[in-house]
Amino acid sequence: EDKVVQSPLSLVVHEGDTVTLNCSYEVTNFRSLLWYKQEKKAPTFLFMLTSSGIEKKSGRLSSILDKKELSSILNITATQTGDSAIYLCGPWYQGGKLIFGQGTELSVKP
Amino acid sequence: NAGVTQTPKFRVLKTGQSMTLLCAQDMNHEYMYWYRQDPGMGLRLIHYSVGEGTTAKGEVPDGYNVSRLKKQNFLLGLESAAPSQTSVYFCASRRRPASYEQYFGPGTRLTVT
């Protein structure tokens, strides 16, 4: 059965900390992995990862895919209160199906 | 360019009632999706469509039906609502495989009493 597991499920840090969020997947016909940020509304796109070992970076956020380990990590450096959100990862299947993990709820305290 | 819109934004139903949620996109996207989101459960895929006239089941399809008669619209139906269907429903769309991003609608909050 296809499965996506994110860890930790929740995390509380202080501003300036660095966090690493994990996503592991077991799906058939894997194409790519997507990361989204959700702040009390619709999710917004962060990254799409297709190739193993190539880091995608956007400001203080970065992500990398390890196809051998069937996993991905999302790093956030120098966290800010505006980073507080639920972070979702999801594998995109060949054929168009896209499912998500249960999310990591990040809370950044001032 | 409105992106992905959902109608209605909020709804309260009684158990056993039926309703249809409408998702519309004006980006000419081939793929469309319906998800539900419950606390601690992330987004769970209900049904999806890879083109006009085609639909497929996702992870939690029971109790829901869908139709994609026009490319820009994807309808989600609840024939006999149950309290377990209380949730926030998100619609999303994306272009064919070359597209990076899946665009989400603003969500519909449904309560079944």
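Which of the numbered conditions does A:Asn75 fail, given that it passes all the others? Conditions: (1) of a type in the set (S, T, N, Q); (2) more than 14 Å from the chain's Cα centre (by Cα); (3) surrounded by fewer than 16 Cβ atoms within 10 Å (Cβ to Cβ).
Of the numbered conditions (1) of a type in the set (S, T, N, Q); (2) more than 14 Å from the chain's Cα centre (by Cα); (3) surrounded by fewer than 16 Cβ atoms within 10 Å (Cβ to Cβ), the odd one out for A:Asn75 is (2).
Across the range B:20-36, what is the total count of residues that are modelled with pLDDT under 95 and under 17 Å from B:Asp62 (Cβ atoms)?
0
At least 3 residues that are touching a residue at least 60 places away in the same chain (Cβ under 8 Å) in each: list the strands (runs of 3 or more DSSP E) lying fully within chain A that qualify.
Correct list: A:3-7, A:10-14, A:19-26, A:30-38, A:85-93, A:104-109.
Sort out which residues of the range A:10-36 are at pLDDT 95 or above, open to solvent by 30 Å² or more (accessible area, probe 1.4 Å) and within 13 Å of chain B (Cβ to nearest Cβ), and write them in order of number.
A:Ser10
Starting from residues that are open to solvent by 10 Å² or more (accessible area, probe 1.4 Å) and part of a strand (DSSP E or B), keep the ones in the range B:26-41 and report whichever is farthest from the other protein chains (Cβ to nearest Cβ).
Restricting to residues being open to solvent by 10 Å² or more (accessible area, probe 1.4 Å) and part of a strand (DSSP E or B), the top hit is B:Arg36.
Out of the range A:58-72, which residues are surrounded by fewer than 15 Cβ atoms within 10 Å (Cβ to Cβ), away from chain B (no Cβ under 14 Å) and closer than 19 Å to A:Ile86 by Cα?
Answer for the range A:58-72, where residues must be surrounded by fewer than 15 Cβ atoms within 10 Å (Cβ to Cβ), away from chain B (no Cβ under 14 Å) and closer than 19 Å to A:Ile86 by Cα: A:Gly59, A:Arg60.
In this structure, is A:Thr50 under 24 Å from B:Tyr103 (Cα atoms) and open to solvent by 50 Å² or more (accessible area, probe 1.4 Å)?
Against the criterion (under 24 Å from B:Tyr103 (Cα atoms) and open to solvent by 50 Å² or more (accessible area, probe 1.4 Å)), A:Thr50 qualifies.
The values are calculated or read from the model by the stated rules, or taken from the named source; none is laboratory data. Bear in mind that the values here come from a model prediction, so they are computed numbers and not experimental data. Here the Cβ is made from the backbone with ideal geometry for all residues, glycine too, and neighbour counts use every protein chain on show. In case anyone asks, the SASA skips ligands and DNA or RNA and just uses the protein heavy atoms, side chains included. Shrake-Rupley method; radii C 1.70, N 1.55, O 1.52, S 1.80 Å.
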